[in-house]
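**Q** Quick one: this structure, given as structure tokens, is what I'll be asking you about.
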Amino acid sequence: MKSLGSIRRDFAPWNDPNAKPYIQFDNVTKKFGDFTAVNNLSLTIFEREFFALLGASGCGKSTLLRMLAGFEEPTSGRILLDGQDLRGIPPHRRPVNMMFQSYALFPHMTVENNIAFGLKQEGMPKPDIEKRVAEMLKLVKLEQFAKRKPHQLSGGQRQRVALARSVAKRPKVLLLDEPLGALDKKLREETQFELMDLQQELGLTFVVVTHDQEEAMTMADRIAIMDKGEVMQVATPAEVYEAPTSRFVAHFVGNVNMFEGKVAERTANTTRIKGATGAEIVVDNAAESSKGADIVFAIRPEKIKVSSKRPADTVNALEGEVYDVAYLGDMTVYHIKLDDGQIVRASALNASRITEDPLTWNDRAWVSFRPDAGVVLTR
Ligand code: ATP
């Protein structure tokens, strides 16, 4: 596959055939009575990876995390950590710690006592505890709040106490269930970067559950997109966005336009798709598909150009009318109603202050895109 961009460029053990997975879900199924919450799921996570489980409410993300932590056992299948089968190992004996959405801080204890709690329980000598707590307070930048109680802290500070407490015991894997769920949008964004820095600094493996796609895209090395107890795709944020392998994933992450049709012709490099109402587009070959097969071309709004005249330099140009325009400051979003009735969403970055080809409601307009601007999906 062509390069789709990467943030931690040197870190991609999943592409290394010799790399050993750290966490392995092997055909894991979890049933609650008749209900299957996780369905024959297999997944591997690597050491020092920031891995996100993304999916709508009820898709089984938390159940997966709880099985890894040891709060639930799989109905069938195996979970391995560093090659060791975890079945039967109680939560406190696993090198795994979980940070809950509610944070579950002790309200009557100071910040430092909250952080020290697990260490005391473990029987760590007092001077070592003091040293570790000081280290943790520094790590999450809460040194001056050591003596406060949780109710004297802001939501973001409470989140950091919970984080410090869950990494104090130096687990190898930290599981985070909606770690930023209680924070407002701005604080969430700041905290996402803090979490990434912290994970890098500690060299831990993070598995985070979220239903927020932006959050998963921002933080994770790879994302598993889940639906109804199954994994739909595991890939880097860029791959998930630029090369979704199913309609579900294409729809789940970001905005997308779908051109439905049948394969009219297939040459060595391109596929010509005929839409139900006659419009034709030419796209690069991406999936196996024979003539007459039903096919979908999925393309993101920012890959579509809108213009008042038919552009000369492209094979794919479809005519319609401006149906809606939304000026958002940094970009403008157009809804173009094509002559066959389909509404196409296109977004244009407002890179300069003056628009050369301004379009407004009811104007005739062309949408155009390159054959490699989207992906062909067959499922
Ligand atoms: P959310 O984002 O809402 O937490 P989730 O993807 O984490 O959703 P899970 O908590 O894993 O979802 O739950 C998956 C499904 O399993 C849900 O339909 C839930 O009702 C069901 N479920 C979870 N725990 C139990 C249980 N102990 N008994 C019965 N059903 C359960």
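The values are calculated or read from the model by the stated rules, or taken from the named source; none is laboratory data. Because the structure is a prediction, the values reported are computed rather than measured. Glycine also receives a Cβ, built like all others from the backbone with ideal geometry; neighbour counts cover every protein chain displayed. In case anyone asks, the SASA skips ligands and DNA or RNA and just uses the protein heavy atoms, side chains included. Shrake-Rupley method; radii C 1.70, N 1.55, O 1.52, S 1.80 Å.
**Q** If L174 satisfies every condition in (1) of a type outside the set (K, R); (2) within 16 Å of the ligand (Cβ to nearest atom); (3) open to solvent by less than 10 Å² (accessible area, probe 1.4 Å) but one, which is the exception?
**A** (2)
**Q** Residue check: is G88 farther than 24 Å from E201 by Cα, buried (at least 19 other Cβ atoms within 10 Å of the Cβ) and not hydrophobic (A, V, I, L, M, F, W, C)?
**A** No.
**Q** So which residues in segment 215-242 are within 16 Å of the ligand (Cβ to nearest atom), under 8 Å from the mean Cα position of the chain (by Cα) and among the charged types (D, E, K, R)?
**A** E215
**Q** While we're here: Would you mind stating whether A116 is in contact with a helix residue (DSSP H, G or I) (Cβ under 8 Å, 6 or more places away or on another chain) and more than 16 Å from the ligand (Cβ to nearest atom)?
**A** Against the criterion (in contact with a helix residue (DSSP H, G or I) (Cβ under 8 Å, 6 or more places away or on another chain) and more than 16 Å from the ligand (Cβ to nearest atom)), A116 qualifies.
**Q** Does R272 satisfy the condition of being of a type in the set (D, E, K, R), without any contact (Cβ under 8 Å) to a residue 24 or more places away in the chain and open to solvent by 40 Å² or more (accessible area, probe 1.4 Å)?
**A** For R272, the condition - of a type in the set (D, E, K, R), without any contact (Cβ under 8 Å) to a residue 24 or more places away in the chain and open to solvent by 40 Å² or more (accessible area, probe 1.4 Å) - is met.
**Q** Right, here's the next one. So which of E302, E356 ends up being open to solvent by 80 Å² or more (accessible area, probe 1.4 Å) and under 20 Å from E242 (Cα atoms)?
**A** Selected residue: E302, the only one of E302, E356 that is open to solvent by 80 Å² or more (accessible area, probe 1.4 Å) and under 20 Å from E242 (Cα atoms).
A quick yes/no check of all residues on (1) open to solvent by less than 20 Å² (accessible area, probe 1.4 Å); (2) within 16 Å of the ligand (Cβ to nearest atom):
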| site | (1), (2) |
| --- | --- |
| Y22 | yes, no |
| D26 | no, no |
| N39 | no, yes |
| F50 | yes, no |
| L65 | yes, yes |
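**Q** Can you pull out the residues in segment 160-180 that are more than 22 Å from the chain's Cα centre (by Cα) and assigned to a strand (DSSP E or B)?
**A** none
**Q** Looking only at segment 214-222, decide whether some residue is buried (at least 18 other Cβ atoms within 10 Å of the Cβ) and among the basic types (K, R).
**A** Yes: one or more hits.
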